[in-house]
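Beneath this line is the structure, given in structure tokens, with notes to follow.
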Amino acid sequence: MDDNRERLQKVMASSGIASRRKCEEIITAGRVKVNGKVVTELGTKVNKKDIIEVDGKPLIKESLVYYALHKPQGYVTLTEDKSDGRNIMDLFAIEDKKQNRLFPIGGLDYDASGIIIVTNDGTLSYRLTKSAKEIEKKYQLRVDGIINQDQVNKLTRGFLLDGTMTKRCEVTIVSFDRVNKSSLIQITINEGRNKQVVKMCEALGLTVKKLKRISFGGIDVEGLRVGEYRSLKPHEIKILYSL
């Protein structure tokens, strides 16, 4: 028995083909060969001596890269988006896109801005999106109206949303704009429901005018202008792998 064998989709993801979930789709679609034979079974294991081909091209181990991107409003995060809109991949230098098959970890709404992690490390993507632990995310929001203490308390304690209780979260009031009747607040959550922060606010009568994710798993946008990206530092990568 070869103890050094690994699941095919993990090897593909680690080689920068795509996220592990996408690699599973590629396998089941019959696009992968191992030693000349098409493989569609997800439980297939391979070792270093096996020859793996994806769409007829040999699998080549890529250098893993990790970026923190300050996403602007008006950009989609899907790498294979078919619309005519702007994509976050448009923000990366040509040489970075050509050398590495990049994809985002998680998403951020079209109208939202803020931190998003972009990498070619499918293993990390799988860990962060499939982990039982929820990742801490901090958002800064501009909402219509002057938020009151009762609303803050409900957000903090948690309440029934779409049939499920939200977890406790941290809420900080940054400032009030009494002239335009709006509030700037920060909410830190450890959940990952779709559009959760917006839905939480709207359930309490607070309309979100602007949303920015300022931190994801301890990685923030400090020092990055909107549309800029930077390589993660070694200790930041270790932080993400520890989540």
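Figures for the structure shown
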read-out	value
Test: residue in the range 197-210 that is in contact with a Pro (Cβ under 7 Å, 6 or more places away or on another chain) and within 30 Å of residue 19 (Cα to Cα)	no
Lone qualifier among 61, 49, 97 - being out of contact with any strand residue (DSSP E or B) (no Cβ under 8 Å at 6 or more places or on another chain), assigned to a loop (DSSP other than H, G, I, E, B) and closer than 24 Å to residue 127 by Cα	61
Residue in the range 119-130 that is under 25 Å from residue 222 (Cβ atoms) and part of a strand (DSSP E or B) present	yes
Residues of the range 40-79 satisfying the condition of being within 14 Å of residue 23 (Cα to Cα) and either free of Cβ contacts under 8 Å to residues at least 24 places away in the same chain or hydrophobic (A, V, I, L, M, F, W, C) (or both)	40, 41, 42, 52, 53, 54, 59
Residue in the range 44-53 that is surrounded by fewer than 14 Cβ atoms within 10 Å (Cβ to Cβ), under 23 Å from residue 103 (Cα atoms) and either among the β-branched types (Val, Ile, Thr) or over 16 Å from the mean Cα position of the chain (by Cα) (or both) present	no
Looking only at the range 155-169, and only at residues there that are open to solvent by 100 Å² or more (accessible area, probe 1.4 Å) and either part of a loop (DSSP other than H, G, I, E, B) or in contact (Cβ under 8 Å) with a residue 24 or more places away in the chain (or both), the one that is farthest from residue 243 (Cα to Cα)	162
In the range 229-243, residue farthest from residue 154 (Cα to Cα) [restricted to those that are in a loop (DSSP other than H, G, I, E, B) and open to solvent by less than 60 Å² (accessible area, probe 1.4 Å)]	232
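Condition check ((1) part of a helix (DSSP H, G or I); (2) open to solvent by less than 60 Å² (accessible area, probe 1.4 Å); (3) of a type outside the set (A, V, I, L, M, F, W, C)) across all residues:
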position	(1), (2), (3)
174	no, no, no
210	no, no, yes
213	no, yes, yes
227	no, yes, yes
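Residue-wise test of (1) among the aliphatic types (A, V, I, L, M); (2) modelled with pLDDT of 90 or more; (3) in contact with a Leu (Cβ under 6 Å, 6 or more places away or on another chain).
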{"site": "98", "(1), (2), (3)": "no, no, no"}
{"site": "104", "(1), (2), (3)": "no, yes, no"}
{"site": "109", "(1), (2), (3)": "no, yes, no"}
{"site": "114", "(1), (2), (3)": "no, yes, no"}
{"site": "120", "(1), (2), (3)": "no, no, yes"}
{"site": "128", "(1), (2), (3)": "yes, no, no"}
{"site": "136", "(1), (2), (3)": "no, yes, no"}
{"site": "141", "(1), (2), (3)": "yes, yes, yes"}
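The values are calculated or read from the model by the stated rules, or taken from the named source; none is laboratory data. Bear in mind the structure is a predicted one, so any value in this text is a computation, not a measurement. Note: ideal-geometry Cβ built from the backbone for every residue, glycine included; neighbour counts use all protein chains shown. Just the protein is used for accessible areas: all its heavy atoms, side chains included, with ligands, DNA and RNA removed. Shrake-Rupley method; radii C 1.70, N 1.55, O 1.52, S 1.80 Å.
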